[in-house]
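Notes follow the structure.
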C-alpha cells in the first residue's frame, strides 16, 4: 500500500517542485473557473505560458537539493516564481512582426464608424412604436424611457444612438483582454463588435466564441464567429444573415 514520505509536512511546506506544480495547475484551472462565474475572459497566451513554465520549474525542482533552511527555500521559490512570470510575459507579448496599433482605438474613432453603420442597419422611426414583443421603441431601437406618443427629431435620434453605442462599446470592452484592446482592435473591428453588441446585447457578444477567439489572437476566427448570430427562434433570418456578413467584412479590414 502506498505511503507518504516520512517528511511530507516539510515537503508540503517548502518543496520547490511541489509549489511550482501546484501553481502551474492553478494557473490552468482558475482562469476557466473565473470565466464560467463572471464571463470575464483572460489572455490565454499568458496563462498557457505560465502553466507550462511553472510545471517545467516543478519538474526541474526535483533535481535540486531540498534540505536548505526554510527562509532559503522560500527565497528560492520566490525567485523562481518571479523568473517564470517574467518569461511568460516575455513569451506571450506580441512579436515585433505582429501588426501593432500605435494606440488603442479611441471611443470617438470607433463611433465615427459604428454610429452610421448601426444607423443604417437598424433603421429609424422618429415616433414611438411597439416592437414585435410589445415594448415601446423609438429612433434606432432605443427602449429607455420611451412612452406612447413620444417623438424625437433626427438629430435627437442620432445623439441618442451615439450615447447608447458608446455604452455598448464600453460594456463590451470589459470582456476584452489588454492585448486585444492594444493590438487587435483597430476602430473598424471595434465598430464591428460594437454593432453586433448593440443588436445582440453586450453579454451575448462578450461571452461568445467571437470574443474568446479574438482574445486568443484568432482575429479571422473571431470575425467569422460574429456571423453565427443570424437566427431568431432557431431560424436563420435573411436580414440578420446579411447584417452579420457586413459586420464580418468590417471586422476583417486589415486582416491578411
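The values are calculated or read from the model by the stated rules, or taken from the named source; none is laboratory data. Predicted model, so just to flag it, every value in this text is computed and none were measured. So basically every Cβ, Gly included, is an ideal-geometry build from the backbone, and we count neighbours across all protein chains shown.
Quick notes
- Residue pairs whose Cβ atoms lie under 6 Å apart, sitting 6 or more positions apart in sequence or on different chains, and linking a residue in region 22-33 that is more than 14 Å from residue 53 (Cβ to Cβ) to a partner that is outside any helix (DSSP H, G or I), are 31/42.
- The condition (being buried (at least 17 other Cβ atoms within 10 Å of the Cβ) and more than 30 Å from residue 128 (Cβ to Cβ)) is satisfied by just one residue among 184, 169, 243: 184.
- All conditions but one from (1) outside the structural domain of residue 178 (by TED's automatic domain parsing); (2) under 17 Å from the mean Cα position of the chain (by Cα) apply to residue 256; the one that does not is (2).
- Unique match (being in the same structural domain as residue 115 (by TED's automatic domain parsing) and surrounded by 24 or more Cβ atoms within 10 Å (Cβ to Cβ)) among 220, 216, 232, 210: 210
- Only residues that are in a loop (DSSP other than H, G, I, E, B) and either buried (at least 17 other Cβ atoms within 10 Å of the Cβ) or at pLDDT 95 or above (or both) were counted across region 127-145, and they come to 2.
- Of everything in region 146-162 that is in a helix (DSSP H, G or I) and touching a strand residue (DSSP E or B) at 6+ places or on another chain (Cβ under 9 Å), the residue that is surrounded by the fewest Cβ atoms within 10 Å (Cβ to Cβ) is 154.
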